[in-house]
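Engineer: The structure that follows is given in the form of structure tokens.
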Amino acid sequence: MKAKWAEGIEPRNFVWVIKDSLAICERPGGYGEHHRRVRRQEEIIWIRQHEFDVLYSLIAGSHNLHNYEELGMPFRHRPWPAHDRLVQYMEALFIEIHNVISAGQKVVVHKEVVEERLCGLMAAYLLWARLVPTGPQVTAIAERIFQQRLGPHGRELVEIAVGMEPQQETTEQ
């Protein structure tokens, strides 16, 4: 039996978007003056121990990236873009995440904190992936999942997804 510390600790504000496939959390270890090195290590261990295959970091800086490498946690750094690049960013990120999930892998996505942009992005993904049919429905579902209201920034991301080319259904040959 492993010692409790070997299991790590669940990252703050960890939430499943799609059970056993896609989750979000706060930056491992916290952010700003609340960041703690030991907590960061314990949270990365928890992510790894819970068999996440890829961690997506959406923060601008390269904070934590070397820690992911040191602890053997595969990651992809996809910094949040300037506003005029949001559509291209979302399309590329959604395709990438969809491909990873379709391959049966588990994904966790983080920004500094779990806030309306991250929640809105995940709501937009659900709409784009055709897991929820309409913008109003995905907004209501996202607010329930994340237990917070989607404000104007989050709703803008959902609106962008409404105008995006939806994920194409794959057919067996």
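Engineer: Considering only residues that are surrounded by 16 or more Cβ atoms within 10 Å (Cβ to Cβ) and more than 13 Å from His110 (Cα to Cα), which ones fall in region 22-39?
Structural biologist: Scanning region 22-39 gives a single hit, Arg39.
Engineer: State all residues of region 58-70 that are out of contact with any helix residue (DSSP H, G or I) (no Cβ under 9 Å at 6 or more places or on another chain), open to solvent by less than 50 Å² (accessible area, probe 1.4 Å) and assigned to a loop (DSSP other than H, G, I, E, B); if no residue qualifies, say none.
Structural biologist: Ile59, Gly61
Engineer: Looking at (1) in a helix (DSSP H, G or I); (2) open to solvent by less than 50 Å² (accessible area, probe 1.4 Å), which is the one condition that is false for Met73?
Structural biologist: Result: Met73 fails condition (1) only.
Engineer: For the list (1) open to solvent by 30 Å² or more (accessible area, probe 1.4 Å); (2) assigned to a helix (DSSP H, G or I); (3) closer than 23 Å to Ile47 by Cβ; (4) free of Cβ contacts under 8 Å to residues at least 24 places away in the same chain, I need the number of the one condition that Gly104 fails.
Structural biologist: For Gly104, the exception is condition (2).
Engineer: Restricting to region 76-90, name every residue that is under 14 Å from Met164 (Cβ atoms), touching a residue at least 24 places away in the same chain (Cβ under 8 Å) and surrounded by 16 or more Cβ atoms within 10 Å (Cβ to Cβ).
Structural biologist: Across region 76-90, the qualifying residues are Leu86, Met90.
Engineer: In region 45-57, is there at least one residue being in a helix (DSSP H, G or I), more than 15 Å from the chain's Cα centre (by Cα) and loosely packed, with under 15 Cβ neighbours inside 10 Å?
Structural biologist: yes
The values are calculated or read from the model by the stated rules, or taken from the named source; none is laboratory data. As the structure is a prediction and not an experimental result, all values here were calculated from the model. Cβ sites come from the backbone with ideal geometry, for glycine too, and all protein chains shown count toward neighbours. Ligands, DNA and RNA are stripped out before the accessible areas are found, and what is left, the full protein with its side chains, is counted by its heavy atoms. Shrake-Rupley method; radii C 1.70, N 1.55, O 1.52, S 1.80 Å.
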